[in-house]
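Trainee: There's a structure below that I have some questions on.
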Amino acid sequence: MINGARFYIFVSILLFSTFSSYANSAGKVNPQVSQAAVAIPDKYAAKVAEDILLAGGNAVDAAIATGFALAVTYIDAGNIGGGGFMLIYIDGKALFLDYRETAPLTAHRDMYLNDEKAVVQNLSLIGAKAPGVPGTVAGFWEAHQRFGKLSWSKLIEPAIKLAEEGFIPANILVDNIQDHYQRFDGLTNFKTYFGSVEHGKNFKQPELAETLKRIAKNGRKEFYHGETAKLLVKQMQKSGGIISAQDLAQYKAVWREPLKANWRDYQILSSPPPSSGGFGVIQLLKMKDYLSKEFEGVTHNSEQYVHLVAEMEKRVFADRAEYLGDPAFVDIDMTHLISDEYIKRRAMEVKPNEISRLESVNPGLQSPNTTHYSIVDADGNAVSNTYTINWAYGSGVVVEGAGFLLNNEMDDFSVKPGVANIFGVVGNTANEIQPGKRMLSSMSPTILLQDNKAVMVIGTPGGSTIFTSVFQAIVNIIDFKMTPLQAASASRFHHQLLPPDLITQSPSLPLPDSTIEALTKRGYRVEPHSWEFGDIQVIWKDGEQLIPASDSRDRGVSKVIDIK
Ligand code: DON
């Protein structure tokens, strides 16, 4: 996550200049070599991914090694103390790995309310009561058991080296960490661990290095039953948290069917519940086509474009708040929710020239610490992985002796019906807290297939803005014919039903003044989003050429790799 008007000029130059990234510097496809590609949010992890692919690893190997490396170098979101989703397309088969955190077994619906039934500020966000049971190590282990070609320890080796020998944190990361000291002051041990992060100074994480070494040696059981589990539970007891040894012992990553839908001549693969992301991407893409007459001649980010998309997004968020949650706890009629008939009906409710009033948008059947990376290997296998510790350095609690941050994913539950979470989204009983339940997510690792080949691998962080950003980037490439770099770096906007009629936009790259003026006249309020949402990492296959791109507002590295 980044803040930064300082990127404005840079982004503008990139947007309007010819695309000439590292990807293109690979030039024409050489028949002697096969190409792989990565789009990764940090340069150290991108190098790790490249090395693993060159060493004969497949996309899954590279994704696991990248995930562990980011847990060291991308302190803002890379993690072993959080969870996520990995969408895999391998040997022509699509699989979805859910390693989302779960509510601890002693969690209960009202755990963040006081005696007056009011939400206690920050309790689900800061400190030891905020984390869900972490899933990342279990997820990576599962993926490796099933698809890994290289050894487990080889995939963790680069992360160990980075933690042990240190790395130079990106300036953007140093500024961001320092900005957070005050927020955690007196509440967590965040500054004890990250207080020495400085510009240009090597940063080592010796406890994390030891933890990674134990995980490399003992595998999954180290995190859920071993020394690391003991340290985590000890930390909980010391700082008033509720994750127990039993919670860790019972944690399971789950293989699920990806959400699938046909759209034009593509097959969309994306995240099923407990994410709302795939549902959001599919509804938005299809609704746009049912409104194709309305979109005819409408230019990118014009007043009418923003209005039509906001009207579609309103409806998606109304459904999200009412119907979606962990499928192990709530019945979700997903077949209906992504059926053509239903989406067409929702599209027809969109008012092309008028803002639908809040009261009229009902469910239809009646930011920031996440990161995403995309990888395609030389055999065309693809991994789209989004993982998270949720908001701003998670709970701020570091497991002492183990050196990693714990998430604050419990805030993704609806802590009280109708009360907005940190991303401003509300929920109802479908997403209330229950022991062992997975909290509703918006993460949307997505792959588009064409003739059973992965032609786009895409995802982003951004909380509730994730699937609206993924939708806009797909449309930017396919409908507005932007290069992947232009598409990932373009200005984005977002509407999520509540607050009513509020459109938020990329702070560093606002919509044109004339668009804002026209939207304001229509009755919208247009404001900068409270943080620079989105860090799209996309790989697009144009004919035989892989074109990866990273959102130029942040520090991602995208690259084509020749595999001999
Ligand atoms: O699962 C979710 O939807 C959120 N926990 C994601 C958080 C996020 O993207 C924060 N980063 N911007």
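The values are calculated or read from the model by the stated rules, or taken from the named source; none is laboratory data. Just so you know, these numbers come straight off a predicted model, no measurement behind them. Because the Cβ atoms are built from the backbone with ideal geometry, glycine has one as well, and the counts that use them run over all protein chains shown. Each accessible area value is taken on the protein alone, full model and side chains, heavy atoms only, with ligands, DNA and RNA left out. Shrake-Rupley method; radii C 1.70, N 1.55, O 1.52, S 1.80 Å.
Trainee: For the chain, which whole-number percentage of the solvent-accessible area (1.4 Å probe, protein heavy atoms only) is attributable to carbon and sulfur atoms? Walk me through the numbers before you get to the answer.
Mentor: Values: 10200 of 20110 Å².
Ligands and nucleic acids excluded, carbon and sulfur reach 51 percent.
Trainee: Next question. Among the lysines, which have Cα under 24 Å from the Cα of residue 154 when same-chain residues fewer than 8 positions away are ignored?
Mentor: List returned: 43, 47, 204, 213, 217, 221, 252, 559, 564.
Trainee: If the only charges are +1 at each Lys and Arg Cβ and -1 at each Asp and Glu Cβ, what is the size of the charge dipole of the chain around the Cα centre, to the nearest 20 debye?
Mentor: On the way: 54 positive and 62 negative charges, 133 e Å.
Result for the chain is approximately 640 debye, rounded to the nearest 20.
Trainee: Okay, moving on. At residue 250 and residue 221, where each label point lies 7 Å from the Cα along Cα→Cβ, what is the point-to-point distance in nanometres?
Mentor: Output for this residue pair reads 2.1 nm.
Trainee: Further question on the same structure: Could you sort 439, 482 by their accessible area in this structure, using a 1.4 Å probe and putting the largest first? Write out the running numbers ahead of the final one.
Mentor: Numbers: 439 0, 482 35 Å².
Largest accessible area first, the list is 482, 439.
Trainee: Under a Cβ-only charge scheme (Lys and Arg +1, Asp and Glu -1), can you give me the dipole magnitude of the stretch 163-261 about the Cα centre, in debye to the nearest 20?
Mentor: On the way: 15 positive and 12 negative charges, 99 e Å.
Dipole magnitude for the stretch 163-261 comes out near 480 debye.
Trainee: Got a sec? Which residues in the stretch 196-218 would a label at residue 237 touch, if it sits 7 Å along Cα→Cβ and we count backbone N under 13 Å?
Mentor: Answer for this model: none.
Trainee: Using the basic label-point model (7 angstrom from Cα toward the beta carbon), what is the residue 263 to residue 525 distance in nanometres?
Mentor: With each label placed 7 Å out from Cα toward Cβ, I get 3.0 nm.
Trainee: OK, next. For the stretch 456-525, state which chymotrypsin sites (Phe, Trp or Tyr not before Pro) are in a DSSP loop and have at most 15 other beta carbons lying within 10 Å of their beta carbon. Walk me through the numbers before you get to the answer.
Mentor: Values: sites: 467, 471, 480, 493, 524; in loops: 480, 524.
Those that pass, being in a loop and sparsely packed, are 480.
Trainee: Here is a further query. For the stretch 92-238, go through all pairs of different Cα atoms, get the mean of 1/r, take its inverse, and jot down that Kirkwood value in Å.
Mentor: On the way: mean 1/r = 0.0554 Å⁻¹.
Value: 18.1 Å, from the Cα pair sum.
Trainee: In Å², what does the accessible area per residue of the chain work out to with a 1.4 Å probe? Mind dumping the intermediate values first?
Mentor: Numbers: 20110 Å² over 564 residues.
Result: 36 Å² of accessible area for each residue.
Trainee: Could you tell me the accessible area of residue 141 in Å² (1.4 Å probe, neighbours in place), rounded to the nearest ten?
Mentor: 60
Trainee: May I ask you to list the aspartates and glutamates whose Cα is less than 16 Å away from that of residue 541, ignoring any residue fewer than eight positions away on the same chain?
Mentor: Here the aspartates and glutamates satisfying the reach criterion relative to residue 541 are 265, 377, 379, 451, 479, 562.
Trainee: So in the stretch 389-525, what percent of DSSP beta bridges are antiparallel if you round to the nearest 5?
Mentor: Values: 8 of 9 bridges.
Just about 90 percent of them are antiparallel.
Trainee: Working with all protein chains in place, sort 53, 105 by solvent-accessible area computed with a 1.4 Å probe, largest first. Don't jump to the answer; show the numbers that get you there.
Mentor: Working: 53 5, 105 65 Å².
My answer, sorted largest first, is 105, 53.
Trainee: I need the calculated FRET efficiency for the pair residue 181 and residue 214, taking r as the beta carbon distance and R₀ as 45 Å, to the nearest 0.05. Walk me through the intermediate numbers first.
Mentor: On the way: r = 29 Å, r/R0 = 0.65.
That pair, residue 181 with residue 214, gives E of 0.95.
Trainee: Something else now. If each of residue 331 and residue 33 carries a label point 7 Å out from its Cα toward its Cβ, how far apart are those two points in nm?
Mentor: 5.6
Trainee: With +1 on each Lys and Arg Cβ and -1 on each Asp and Glu Cβ, how big is the dipole of the stretch 418-555 about its Cα centre, in debye rounded to the nearest 20?
Mentor: About 220 debye.
Trainee: At 1.4 Å probe size, what's the solvent-accessible area of residue 479? Round to the nearest 10 Å².
Mentor: 50
Trainee: Another question about this same structure. Can you tell me the FRET efficiency between residue 513 and residue 479 if r is taken as the Cβ-Cβ distance and R0 is 25 Å, rounded to the nearest 0.05? Let's see the in-between values first.
Mentor: Details: r = 24 Å, r/R0 = 0.97.
Efficiency for this residue pair is about 0.55.
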